[in-house]
1. Residue by residue through the stretch 263-299, note down the ones that are within 21 Å of the chain's Cα centre (by Cα), crowded, with 17+ Cβ neighbours inside 10 Å and among the β-branched types (Val, Ile, Thr).
2. Determine if the stretch 300-307 includes at least one residue that is under 25 Å from PRO145 (Cβ atoms), at pLDDT below 95, open to solvent by 20 Å² or more (accessible area, probe 1.4 Å) and of a type outside the set (S, T, N, Q).
3. Of the residues LEU321, LEU286, LEU275, which single one is under 23 Å from LYS204 (Cβ atoms), hydrophobic (A, V, I, L, M, F, W, C) and in contact with a Lys or Arg (Cβ under 9 Å, 6 or more places away or on another chain)?
4. Among LYS126, LYS151, which is the only one that is among the charged types (D, E, K, R), at pLDDT below 95 and open to solvent by 10 Å² or more (accessible area, probe 1.4 Å)?
5. Out of all the residues in the stretch 126-143, is one or more closer than 19 Å to TYR58 by Cβ, in contact (Cβ under 8 Å) with a residue 12 or more places away in the chain and among the small types (Gly, Ala, Ser)?
6. Answer yes if at least one residue in the stretch 172-179 is open to solvent by 30 Å² or more (accessible area, probe 1.4 Å), out of contact with any Lys or Arg (no Cβ under 9 Å at 6 or more places or on another chain), modelled with pLDDT of 90 or more and assigned to a helix (DSSP H, G or I), and no otherwise.
7. Failed condition for PHE95, given (1) open to solvent by 40 Å² or more (accessible area, probe 1.4 Å); (2) in contact with a strand residue (DSSP E or B) (Cβ under 8 Å, 6 or more places away or on another chain), with all others met?
8. Considering only the stretch 313-358, state which residues are modelled with pLDDT of 75 or more, over 30 Å from ASP229 (Cβ atoms) and open to solvent by less than 60 Å² (accessible area, probe 1.4 Å).
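The values are calculated or read from the model by the stated rules, or taken from the named source; none is laboratory data. Fair warning: this is a prediction, and the values are worked out from it, not measured in the lab. Don't worry about glycine lacking a Cβ; one is built from the backbone with ideal geometry, like all the others, and counts go over all protein chains shown. Ligands, DNA and RNA are stripped out before the accessible areas are found, and what is left, the full protein with its side chains, is counted by its heavy atoms. Shrake-Rupley method; radii C 1.70, N 1.55, O 1.52, S 1.80 Å.
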Amino acid sequence: MVSLEEWIDMGMRSGAVETPEIDEMTFETAYKKWFLMKMNVIRAQSCDRLEATYNRYYAGSWLVLQNISSINEDTAVRFITEIIIGCGNITVKEFKRIYQIINNVMVYARDLGLGGARLIDWHMVKRYIPEGKIVHDLHQDFAVPRADVEKLIKLVVICNIYPLKRSACLCLVLNFFLGLRIGELAALNWQDVDFDKKVVRIFKTETKSYERDDEGNRSGSMVYRIVEDTKTIYSVREIPLLPEAVYILQQLKAHHESCRYHNRCLAYDGKDTILVRSLDRTLRRLCQYAEVKYFNTHMIRKTFATMLHASGMPTRYISDLLGHSEMVTTERNYILNYKDNYSVLLEYMQKGLDFNIK
């Protein structure tokens, strides 16, 4: 049975059906139109990531000069394969970003009837991509050891090991009890803390992005701002406060009052700085002072999830506390192992492999 597309193709070859005229358009032009559309529907930070990926892999390549009417499965396979082979160590996450641009631009152009763009069979494309060259993970994360967490909390809360950045230090150790994203932690102010109900309300974050003009071009330097918005709608949440978290918050409030701070942000230390950067720098210095192996601020969030999982808390609850829309995100990326967990493994092995050989 002949399909409609085949009938049309036969008609065009025989001259019975006129071939419509195509206003040719390069991939670069189609990308710019698509990017302007995305500016109105996604976050500014996401636009920055798209632009960074395009500039790294697409800008200046032979593909961007191609008319989109000529781009097909072979073109996509050739272009993506050249990137994977040429750059090396392309992670799965990076590959998805590269693939997202060419896929979305072609779908966008096809939907709007631009430049004679055709739909590409991406299942076929992926069959010919050298997946063996894609790195699944360049490193493995391990949760912060419990002993290091307890040492940091004691040195910050009791010993005041880094008095110049006491607010930031208290916020960092507090986050072991909250599991916030660094932008959420930076955006916290005293109105978000309910001491009566013993909860913290999360509904805003500190973001960073470039200002852009109407053409989508950068029009200034990086701008940091606190917005009443979260990464996803699921990130708006309330986190219960353990007594230890309440105690840290009380210490923090007393410090702010003694310093007569008027800025309501919890991480404020007397200077109008970019709080995300300040927290990052403070953690690095804090680890040096405490003589523990350095870990980044995101590892606090992952350690929070890992410790709750080890305690037996259901993943659904952990996912809710983290503000994830799907449990698979929590399970795949946030529940880690401990590097030196031999005693824990030995305990499980003794329970599970209790064969009687006597």
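1. The answer is VAL276, THR297.
2. There is at least one residue in the stretch 300-307 that is under 25 Å from PRO145 (Cβ atoms), at pLDDT below 95, open to solvent by 20 Å² or more (accessible area, probe 1.4 Å) and of a type outside the set (S, T, N, Q).
3. Working: LEU286 fails: under 23 Å from LYS204 (Cβ atoms); LEU275 fails: in contact with a Lys or Arg (Cβ under 9 Å, 6 or more places away or on another chain).
Result of the check over LEU321, LEU286, LEU275: LEU321.
4. Details: LYS151 fails: at pLDDT below 95.
So the residue among LYS126, LYS151 that is among the charged types (D, E, K, R), at pLDDT below 95 and open to solvent by 10 Å² or more (accessible area, probe 1.4 Å) is LYS126.
5. no
6. no
7. With (1) open to solvent by 40 Å² or more (accessible area, probe 1.4 Å); (2) in contact with a strand residue (DSSP E or B) (Cβ under 8 Å, 6 or more places away or on another chain) applied to PHE95, the lone miss is (1).
8. Within the stretch 313-358, just GLY352 meets the criteria.
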